[in-house]
Amino acid sequence: MNNDFVFVNGKIPYYQSRLFNEYGVPHAFFTRIGGVSGGVFESLNFAIGAGDIKDTAENVAQNHELAASVFGLHKEDICRSYQTHTACVEQAYAADRGRGLTKPPYSHGVDGMVTTEKKLLLSVRSADCVPVLLCDKSKSVCAAVHAGWRGTVAGITKNAVELMVKNGARREDIIAAIGPCICGDCYEVGYETQGEFINTNPEYSVFFRPNREKYMLDLNRANEFILISAGIKPENVSVLNICTKCNEEHFYSHRRDGINRGTMSALIHI
Ligand SMILES: [Zn+2]
């Protein structure tokens, strides 16, 4: 961890961006600690799972309730994305409270959400991919974004900034927090992935380091760069810089644990 973030070590621990705290933006990047799930999902797990081992819907619902309680809210106040590695960012409204939990999920891939609705908790889930939270300094609009390599190269963080601007945010007033994700020393990708980035923008080559027949990709740096390219001031981007794969005690990791593993969450509201 660097100086940009604080670790709040309570019954349900979480990381917070100092920048967000400076402007009083309610948010949390949760760890795997403090929930009710067991086994490979121990313990604050936010998804039933995509492998052959499943967590129960009751555990996942209870973990959402525990996370919402940190904000004095309930799981009915959470809007849950439907993450399929798209660059799709949608606006969430009052009617989206409880979406994916107490109400039906989105019917198509929604990897990012923006809202102007007060006390509507936007949720992003990850286990190596990059969770990005955004807010404007006057707390009139916030966003939660899931940026794996596909979403990153397709510009999902930029799409979130554009939708915030459409909702009245000024670029110079937008603050961003990049949460726990896989580090540039752990995230090995193939030539095809590297090629997709370079074809999108040759400047993206700086995120890659050659490693034998493959490349190491720094998703932290890529998302920071894309945010700044979208008009966010460099001093308004905070990066946690803790690796999910390197820190088993605190985080689930898809690359480390495979498909039978839990999923973390980050939440934000205005
Ligand atoms: Zn690492």
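The values are calculated or read from the model by the stated rules, or taken from the named source; none is laboratory data. Remember, predicted model here, so these are calculated numbers, not experimental data. Ideal geometry is used to build each Cβ from the backbone, glycine not excepted, and the neighbour counts take in all protein chains shown. Please note that ligands, DNA and RNA were not included when accessible areas were found on the heavy atoms of the full protein model with its side chains. Shrake-Rupley method; radii C 1.70, N 1.55, O 1.52, S 1.80 Å.
Residue count for the range 1-17 satisfying the condition of being open to solvent by 40 Å² or more (accessible area, probe 1.4 Å) and under 18 Å from Ser126 (Cβ atoms): 2.
Could you tell me whether Glu90 is of a type in the set (D, E, K, R) and more than 19 Å from Ala147 (Cα to Cα)? No, not satisfied. For the range 250-266, a tally of residues being within 16 Å of the ligand (Cβ to nearest atom), open to solvent by 50 Å² or more (accessible area, probe 1.4 Å) and within 20 Å of Asn59 (Cβ to Cβ) returns 2.
For every residue, the table says whether it meets (1) aromatic (Phe, Trp, Tyr); (2) open to solvent by 60 Å² or more (accessible area, probe 1.4 Å).
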position: Leu19; (1), (2): no, no
position: Gly24; (1), (2): no, no
position: Ala50; (1), (2): no, yes
position: Asn59; (1), (2): no, no
position: Gln62; (1), (2): no, yes
position: Leu66; (1), (2): no, no
position: Phe71; (1), (2): yes, no
position: Glu76; (1), (2): no, yes
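Whether a residue is in contact (Cβ under 8 Å) with a residue 60 or more places away in the chain and of a type in the set (A, V, I, L, M) was assessed, and Leu44 passes this test. Based on what the data block shows, is Val189 surrounded by 14 or more Cβ atoms within 10 Å (Cβ to Cβ) and either modelled with pLDDT under 95 or within 30 Å of Tyr23 (Cα to Cα) (or both)? When the stated conditions are applied, Val189 does not pass them. The residue that is farthest from Leu121 (Cα to Cα), counting only those in the range 216-241 that are open to solvent by 20 Å² or more (accessible area, probe 1.4 Å) and within 16 Å of the ligand (Cβ to nearest atom), is Asp218. Per this entry, Phe207 is counted among residues that are open to solvent by less than 10 Å² (accessible area, probe 1.4 Å), within 16 Å of the ligand (Cβ to nearest atom) and within 22 Å of the chain's Cα centre (by Cα). Only a single criterion out of (1) surrounded by fewer than 22 Cβ atoms within 10 Å (Cβ to Cβ); (2) within 21 Å of Arg125 (Cβ to Cβ) is not satisfied by Glu213, namely (2).
Looking only at the range 121-152, count how many residues are in contact with a helix residue (DSSP H, G or I) (Cβ under 7 Å, 6 or more places away or on another chain), buried (at least 24 other Cβ atoms within 10 Å of the Cβ) and not in a strand (DSSP E or B). Within the range 121-152, residues that are in contact with a helix residue (DSSP H, G or I) (Cβ under 7 Å, 6 or more places away or on another chain), buried (at least 24 other Cβ atoms within 10 Å of the Cβ) and not in a strand (DSSP E or B) number 3. The set of residues from the range 186-245 being over 30 Å from Ala169 (Cα atoms) and touching a residue at least 60 places away in the same chain (Cβ under 8 Å) comprises Cys186, Tyr187, Leu217, Cys243, Thr244, Lys245.
Can you confirm whether the range 172-185 contains a residue that is away from the ligand (no atom under 14 Å from the Cβ), farther than 19 Å from Gly148 by Cβ and open to solvent by 60 Å² or more (accessible area, probe 1.4 Å)? Taking every residue of the range 172-185 in turn, at least one turns out to be away from the ligand (no atom under 14 Å from the Cβ), farther than 19 Å from Gly148 by Cβ and open to solvent by 60 Å² or more (accessible area, probe 1.4 Å).
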